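Here is the structure we will look at.
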Amino acid sequence: MITFEKVEKLREYAGISYEEAKKELEKTDGDLLEAVVNLEKEGKIKEPKAKGYYKSSGKEQEEEVVKNTENRSEDKARGSNFTETLKNIMGWLGKIIKKGNTNYFKIIKDDNLILEIPLTAFALLLFFAFWIVIPALVIGLVFGYRYNLGGPDLDETKVNKAMDSVSDATKQAVDSMTDAAGKFSKDSKKDKGENHNGENTNN
């Protein structure tokens with residue numbers, strides 16, 4: 001007896017149309033297992049990898065076909081989930097790289113733009129040569145260089161304000177150290193001069 005359920009099971013298992021599934025079941029008088037065997041012989045579906053034999057008793061064969069159909073459905077679902085996840089990751093990376101190429105890291109000195117490089121290139125430099133880049137950035141701050149981010153997505157952001165604050169703080173610290181060094185130098189010269197005069201008067 002051919003039922004819709006049998007046609008549906010064979011269609012899902014073999015990956016064929018309803019019409020083809022119905023025709024195959026008509027050839028076998030509704031015998032699901034025999035229909036699967038015929039399809040394998042015709043090369044329309046692959047034979048099972050494991051060696052063995054088919055049983056031809058009603059419920060057992062139907063359960064086997066249903067089990068195999070469910071396994072195939074699960075494999076397909078896993079494959080499609082992995083593909084979708086991979087696509088989402090690639091899409092996200094693409095967006096990040098696009099933003100990195102349209103926005104820039106800027107080096108400024110006395111309100112003049114000295115250097116402008118894409119954020120992607122700057123991130124790669126920072127990742128692969130951080131032991132050179134980070135000390136160079138710190139030395140730049142000491143010598144009055146400022147760093148900024150610019151581009152369609154990053155103009156006037158909190159990051160730029162933070163960078164300006166760091167630059168201002170560094171400049172103040174350097175100025176304070178320079179003043180302190182100048183005063184120390186003057187005081188030491190003064191002391192040396194007084195000692196020199198004192199030695200002359202004693203002589």
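Report, in whole Å, the centroid distance computed from the Cα atoms of segment 23-41 and segment 101-122.
Their Cα centres are 70 Å away from one another.
Beyond a 19 Å Cα-Cα separation, which of these cross-linked pairs lie in this structure: LYS95/LYS161; LYS9/LYS44; LYS44/LYS87; LYS95/LYS158?
Checking Cα-Cα distances, LYS95/LYS161; LYS44/LYS87; LYS95/LYS158 exceed 19 Å.
Any read-out appearing in this document is the output of simple, stated calculations on the displayed coordinates, not a laboratory observation. The structure displayed is predicted, hence computed values, not measured ones.
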